[in-house]
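Structure, as structure tokens:
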């Protein structure tokens, strides 16, 4: 279970990250970060030196009428300019390199974390919001690392150096300019606080927008079937406007801060020009006035840019809140360390109880069931009896049950994940297909599969006959979610996946959808092969499947109500007989193709 439960959609988690959490992702490129940081004093020194060189050139050679050494000083000034360009270029490249590498590691770690979380977590979290964590939130951090954090150090050093030079040139005028510091700092701090709040709204709005789009695209067939395009478009417009309004408000603060600082800079320049004119007949030199004007520009240049850097840093701070919240979620299936070297498929369930929440009713309430090696047991029951929950527990989609589930004498939650996948295979009702080749949808690019076993599974499931309908064969690329395949064809690929892994115990949640006669025949043949020499627990919906089972178990209200053969249970005239009369046999009647 998670030590820190997920926030509801649209709620920003409280600040929970520290630099110590970010540092492991930065450490491999620490030398580049240190080098970039080490270049900042050099860049600041060159920046401060340039107006001084310009003052010397003007006062000594132009105003002073001494042409000797003019070329040397002018060359020195140009050299300082080119040196500044060169050092800043190196600084920019290594900063970007270090930032990109950090983001590479963070995004990979974030994706591994998402893959490790339990299905229960994904049932509560919208897919689009998780996509935002791995994409736009990480990109926001990239901007801050590349253009915000270290450059702020450079800006501070530059401003301190410029102020020092201004005090050295004329302390009275420099002190006058420093009086503007407190109001500037106050305005910047006010803008920072407002923008931090706004960026939380912006990130939440974007995540909600992404989640809405992802969900509606996934359900586009239903939306079009019921003519809901207009209503869905209206709701999208509401979310889109919320995102726009937050961005517009943020841009207003950004523009206002920039205009304020630009206005202060203009006032300072005007004061400097007025002061220079007032003291034109005294000891004030033209070079001093020019240098001061240059320093004012260099002092306010980083202040003008600071609003943009605040934007980067606030966006990154908000993104890091969400990223490290997700990295801190511990809601994952417990990984055991026990091995099953030679799986036989013996399944033993004793006093099994499970509910989805502590305050929820029990879905399974004292289930006892034993399936011997090589035995085929069919589980039937009404909707809500607990059949699908049982499948999820056996496939380790969910955890946290009470009682005992043993495979070959080892408790399920103590078995190593790799041994579970090898010993227990699961064929689900809802087949997840990927936009890739037919072969990929069988192997899932698993390098541990034996090629000969894969080829045999493709033949045994009938997937080879499915591939023969396409010129590319098994290289045929199917559409998103297998939308160009029928329900039966999807089930064939799902069975092929399981056969390719050759598990000793198979959990088959039989599809309820009607399929075309050809696919139905292929499915039944594949299921026959799946049953051979394996332990099978089947959540059955077809009479033909039920009657082939060695034993039938009836679930009712989370308990085993009856168990026996088809004939025995009909003779009891109990729960199974009622299910049979109400429609279990109907699933075996003729059907037409049901496209996915």
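Residue check: is residue 100 closer than 26 Å to residue 44 by Cα, touching a helix residue (DSSP H, G or I) at 6+ places or on another chain (Cβ under 6 Å) and either in the same structural domain as residue 24 (by TED's automatic domain parsing) or in a helix (DSSP H, G or I) (or both)? It is false that residue 100 is closer than 26 Å to residue 44 by Cα, touching a helix residue (DSSP H, G or I) at 6+ places or on another chain (Cβ under 6 Å) and either in the same structural domain as residue 24 (by TED's automatic domain parsing) or in a helix (DSSP H, G or I) (or both). Residues in the stretch 566-580 that are in contact (Cβ under 8 Å) with a residue 12 or more places away in the chain and either touching a helix residue (DSSP H, G or I) at 6+ places or on another chain (Cβ under 9 Å) or part of a helix (DSSP H, G or I) (or both) were compared, and the one that is surrounded by the most Cβ atoms within 10 Å (Cβ to Cβ) is 576. Would you check if residue 337 is assigned by TED's automatic domain parsing to the domain that holds residue 161 and touching a residue at least 60 places away in the same chain (Cβ under 8 Å)? No, not satisfied. If you go through the stretch 413-429 and keep only what is closer than 30 Å to residue 541 by Cα and in a loop (DSSP other than H, G, I, E, B), you end up with 428, 429. Out of 138, 153, 162, one residue alone is surrounded by fewer than 18 Cβ atoms within 10 Å (Cβ to Cβ) and either without any contact (Cβ under 8 Å) to a residue 24 or more places away in the chain or under 45 Å from the mean Cα position of the chain (by Cα) (or both). It is 153. Of the candidates 343, 335, the single residue that is at pLDDT below 90, assigned to a loop (DSSP other than H, G, I, E, B), farther than 29 Å from residue 544 by Cα and touching a helix residue (DSSP H, G or I) at 6+ places or on another chain (Cβ under 8 Å) is 335. Candidates 459, 479, 469, 453: the one that is touching a helix residue (DSSP H, G or I) at 6+ places or on another chain (Cβ under 7 Å), without any contact (Cβ under 8 Å) to a residue 60 or more places away in the chain and surrounded by fewer than 21 Cβ atoms within 10 Å (Cβ to Cβ) is 453. Yes or no: the stretch 218-235 includes at least one residue that is surrounded by 13 or more Cβ atoms within 10 Å (Cβ to Cβ), in contact with a helix residue (DSSP H, G or I) (Cβ under 7 Å, 6 or more places away or on another chain) and under 30 Å from residue 184 (Cα atoms). So far as the stretch 218-235 goes, no, none of its residues is surrounded by 13 or more Cβ atoms within 10 Å (Cβ to Cβ), in contact with a helix residue (DSSP H, G or I) (Cβ under 7 Å, 6 or more places away or on another chain) and under 30 Å from residue 184 (Cα atoms).
State yes or no: is residue 122 surrounded by fewer than 20 Cβ atoms within 10 Å (Cβ to Cβ), out of contact with any strand residue (DSSP E or B) (no Cβ under 6 Å at 6 or more places or on another chain) and modelled with pLDDT of 85 or more? So residue 122 fails the test.
Only one entry of 420, 415 meets the criterion of being modelled with pLDDT under 85 and in contact with a strand residue (DSSP E or B) (Cβ under 6 Å, 6 or more places away or on another chain), and that entry is 415. In the stretch 539-553 there is at least one residue matching the filter, namely being crowded, with 18+ Cβ neighbours inside 10 Å, in contact with a helix residue (DSSP H, G or I) (Cβ under 9 Å, 6 or more places away or on another chain) and in a strand (DSSP E or B). Screening 320, 303 for residues that are modelled with pLDDT of 80 or more, closer than 30 Å to residue 160 by Cβ and assigned to a helix (DSSP H, G or I) leaves exactly one candidate, 320.
Name the pairs whose Cβ atoms lie under 7 Å apart, with the first residue in the stretch 526-546 and in the same structural domain as residue 497 (by TED's automatic domain parsing) and within 16 Å of residue 566 (Cβ to Cβ), the second surrounded by fewer than 17 Cβ atoms within 10 Å (Cβ to Cβ) and modelled with pLDDT of 75 or more, and 6 or more positions between them or separate chains? Pairs that qualify, where the first residue is in the same structural domain as residue 497 (by TED's automatic domain parsing) and within 16 Å of residue 566 (Cβ to Cβ) and the partner is surrounded by fewer than 17 Cβ atoms within 10 Å (Cβ to Cβ) and modelled with pLDDT of 75 or more, are 544/524.
Being modelled with pLDDT of 75 or more and either touching a helix residue (DSSP H, G or I) at 6+ places or on another chain (Cβ under 8 Å) or within 30 Å of residue 399 (Cβ to Cβ) (or both) is the requirement here; does residue 286 meet it? For residue 286, the condition - modelled with pLDDT of 75 or more and either touching a helix residue (DSSP H, G or I) at 6+ places or on another chain (Cβ under 8 Å) or within 30 Å of residue 399 (Cβ to Cβ) (or both) - is met. When residues in the stretch 74-96 are screened for being over 14 Å from residue 50 (Cα atoms) and either crowded, with 16+ Cβ neighbours inside 10 Å or in contact with a helix residue (DSSP H, G or I) (Cβ under 6 Å, 6 or more places away or on another chain) (or both), 6 of them pass.
The values are calculated or read from the model by the stated rules, or taken from the named source; none is laboratory data. Because the structure is predicted, anything quoted here is derived from the model rather than measured. Virtual Cβ from ideal backbone geometry, glycine too; neighbours counted across all protein chains shown.
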